[in-house]
Amino acid sequence: MQIQADTRRCVGAGMCALTAPDLFDQSQHDGTVVLLRAGVRGQKASDAAREAVRSCPSGALKLTD
Ligand code: SF4
């Protein structure tokens with residue numbers, strides 16, 4: 001599974017970094033999402049990635065197989 005993050009849609013709410021800190025961080029500059037790892041492996045990381053996508057208020061995150 002791969003994560004895609006669209007920084008143009010991101011509003012810097014930070015839900016992704018709170019939900020899955022191993023996968024997401026936020027820019028020190030403007031708070032937008034910083035993808036730490038695009039590839040997701042394992043059940044725990046996949047569940048965290050799905051939860052982060054669900055909790056993102058701007059629809060900036062996408063998962064692909
Ligand atoms: S949850 Fe969505 S809007 Fe918030 S920082 Fe992450 S990608 Fe951006």
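No value in this document is a laboratory result; all are computed from the given coordinates. All values derive from a computational prediction rather than experimental measurement. Don't worry about glycine lacking a Cβ; one is built from the backbone with ideal geometry, like all the others, and counts go over all protein chains shown.
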Run the numbers for VAL11 and SER46: contour at 0.36 nm per residue of separation, minus the present Cα-Cα distance, in nm. 10.3 nm
From Cα pairs below 8 angstrom and at least 6 apart in sequence, can you work out the relative contact order of the range 2-64, rounded to a whole percent? 45 percent
Once both axes come from the Cα atoms, what is the angle between helix 43-55 and the longest principal axis of the chain, in degrees from 0 to 90, rounded to 10? 40 degrees
Compute, for the chain, the length of the dipole vector about the Cα centre, with Cβ point charges of +1 (Lys, Arg) and -1 (Asp, Glu) only. Units Debye, rounded to 20. 140 debye
Label points 7 Å out from Cα along the Cβ direction at ARG54 and LEU18: separation in nm? 1.6 nm
With only helices counted (DSSP H, runs n ≥ 4, each -39500 (n - 2.57)), the per-residue ellipticity at 222 nm for the chain, to the nearest 500, works out to -8000 deg cm²/dmol
Protection proxy ranking of 29-35, 10-16 - average other beta-carbon atoms within 10 Å, highest first: 10-16, 29-35
Evaluated at 37 °C with a viscosity of 0.692 mPa s, what Stokes-Einstein diffusion coefficient in µm²/s does the chain have when Rh comes from the Kirkwood expression over alpha-carbon pairs? 290 µm²/s
Multiply the residue gap between ALA38 and ASP25 by 0.36 nm, knock off their C-alpha separation, and tell me the result in nm, one decimal place. 3.4 nm
